[in-house]
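Beneath this line is the structure, given in structure tokens, with notes to follow.
The values are calculated or read from the model by the stated rules, or taken from the named source; none is laboratory data. The structure presented is a predicted model; accordingly, all values stated were derived computationally and were not measured. Cβ coordinates were reconstructed from backbone atoms using ideal geometry, including for glycine residues, and neighbour counts include every protein chain displayed. In case anyone asks, the SASA skips ligands and DNA or RNA and just uses the protein heavy atoms, side chains included. Shrake-Rupley method; radii C 1.70, N 1.55, O 1.52, S 1.80 Å.
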Amino acid sequence: MILLQSVATGENPLMSWGMIILLIVIFYFFMIRPQQKRQKETKKFRDSLTKGSKVITAGGIHGRIVELGDTVVTLEIASGVKIRIEKSMIYPSAEQAQDDAANSLNADKK
């Protein structure tokens, strides 16, 4: 039916397909690709965790890593107060995130 409409109005059917493909490409570069890049950076951060690193949990709890497991991390959130959380719920602390961003900007300039 679309083909019949485009023929009746004198439009080139390749032009409408070209617009669809263009929209898909734009969607990829503005939505999918940046998300994949963020996921890779987050995975790289979680793989590089060490004891003593300051982190933030997904719930907003700030703490220092005292013990690392494959999937579970033990955080010390206050003197003598320890909690266990999933490794997938850890994010870099605000200071560390700023330092990483500054380092990546400096690396991009070189």
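What the table shows:
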{"item": "Separation of the Lys54 and Ser88 label points, Cα + 7 Å toward Cβ, nm", "result": "2.8"}
{"item": "Pairwise FRET efficiency - Phe29 versus Ile61, Cβ, R0 = 22 Å, nearest 0.05", "result": "0.05"}
{"item": "Area of Ile85 that stays accessible when all protein chains are in place (1.4 Å probe, Å², to 10)", "result": "30"}
